[in-house]
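Undergrad: Here's a structure for you.
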Amino acid sequence: TLFDFAMMIGFTFLAGLGITLGYHRLFCHKSFNAKPWVTVTLGILGSAAMQGQIRTWVSVHRKHHHHSDEQGDPHSPKSAEQGLWASIKAFFDGHIGWNLSGRFYNYIDYIRDMKKNREVLFVDRWYWAWVALGWIVPGLIGWAWYGTAEGYWSGLLAGGALRALFHLHTTWAVNSLGHLFGSRRFNTGDDSTNNVLVNFLSMNGEGLHNNHHTYPT
């Protein structure tokens with residue numbers, strides 16, 4: 001129903017705030033300071049997005065900036081070989097393959113500043129609880145809205161499973177499509193672009209990736 005669609009979009013937007021404002025700008029690039037309760041709230045929303053613990057996400061993204069589209073970049077879609085098949089393989093690797101290849105883990109050298117961050121340690125310690133709540137809460141809302149057990153599963157599917165699937169792929173599209181197609185306002189020394197489609201789907205400006213690589217904060 002329209003309510004289920006609104007649940008998917010609404011929870012995508014909330015989890016997206018956790019990733020963009022929390023994981024990306026606050027934790028990774030230190031773009032602003034926040035009170036502890038705001039920090040924890042953004043961390044919980046970001047954790048519910050199922051993109052990994054804060055420290056893991058931050059370490060991967062900082063390494064990406066340090067080695068963007070070069071050897072050492074965890075998720076560049078740029079192919080070192082010529083040919084259509086090589087380009088397809090590189091795109092797949094930059095989009096989702098890097099998650100399956102063993103390159104998704106804590107790069108300790110990039111997160112030494114977070115070693116004693118109490119808010120980060122607290123959120124990361126309970127990571128799987130926040131992931132679970134990201135599915136359970138939409139289910140409870142669906143149950144309250146429809147008044148049936150079937151409504152619970154409808155809410156869990158729309159606001160939990162489908163939301164996670166949609167949000168993961170829009171985030172990964174920044175890494176893949178955002179380094180292959182689009183406009184380049186600034187010469188950043190890598191292949192980052194501003195991609196209109198990715199920007200629309202992400203709902204939070206992440207598709208302006210060339211701008212971001214120029215001004216990370």
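Undergrad: Exactly one of (1) farther than 18 Å from Val131 by Cβ; (2) at pLDDT 95 or above; (3) among the aliphatic types (A, V, I, L, M); (4) in a helix (DSSP H, G or I) is unmet by Val40. Its number?
TA: Every listed condition holds for Val40 apart from (1).
Undergrad: Somewhere in the stretch 83-101, is a residue farther than 19 Å from Thr170 by Cα and under 21 Å from the mean Cα position of the chain (by Cα)?
TA: yes
Undergrad: Looking at the stretch 1-22, I want the residues that are among the acidic types (Asp, Glu) and have a partner that is surrounded by 20 or more Cβ atoms within 10 Å (Cβ to Cβ) and modelled with pLDDT of 95 or more with Cβ atoms under 7 Å, at least 6 apart or on another chain. Which pairs are those?
TA: Asp4/Ser154; Asp4/Ala158
Undergrad: Now, a different point. Restricting to the stretch 23-38, what's the tally of residues that are open to solvent by 10 Å² or more (accessible area, probe 1.4 Å), touching a residue at least 40 places away in the same chain (Cβ under 8 Å) and either hydrophobic (A, V, I, L, M, F, W, C) or closer than 19 Å to Arg62 by Cα (or both)?
TA: The qualifying residues number 5.
Undergrad: Of the residues that sit in the stretch 171-207 and are free of Cβ contacts under 8 Å to residues at least 40 places away in the same chain and β-branched (Val, Ile, Thr), which one is farthest from Tyr23 (Cα to Cα)?
TA: Val196
Undergrad: On to the next question. Among (1) under 22 Å from the mean Cα position of the chain (by Cα); (2) at pLDDT below 95, there is one condition Ala158 misses while meeting the rest; what is its number?
TA: (2)
Undergrad: If you don't mind, another one. Search the stretch 172-210 for residues being open to solvent by 40 Å² or more (accessible area, probe 1.4 Å) and in a helix (DSSP H, G or I), and hand back the single one that is nearest to Cys28 (Cα to Cα).
TA: Here the answer is Asn199.
Undergrad: OK, next. Only one of these conditions is not met by Gly22: (1) part of a loop (DSSP other than H, G, I, E, B); (2) within 11 Å of the chain's Cα centre (by Cα). Which number is it?
TA: Only one criterion is unmet by Gly22, namely (1).
Undergrad: Output the residue which, of all residues in the stretch 43-81 that are free of Cβ contacts under 8 Å to residues at least 60 places away in the same chain, hydrophobic (A, V, I, L, M, F, W, C) and open to solvent by less than 20 Å² (accessible area, probe 1.4 Å), is farthest from Phe92 (Cα to Cα).
TA: Restricting to residues being free of Cβ contacts under 8 Å to residues at least 60 places away in the same chain, hydrophobic (A, V, I, L, M, F, W, C) and open to solvent by less than 20 Å² (accessible area, probe 1.4 Å), the top hit is Val58.
The values are calculated or read from the model by the stated rules, or taken from the named source; none is laboratory data. Everything numeric in this text was worked out from a predicted model, so none of it was measured. Counting neighbours? That spans all protein chains shown, and the Cβs are built from the backbone with ideal geometry, glycine included. Side chains are part of the model used for accessible areas, which takes the heavy atoms of the whole protein and leaves out ligands, DNA and RNA. Shrake-Rupley method; radii C 1.70, N 1.55, O 1.52, S 1.80 Å.
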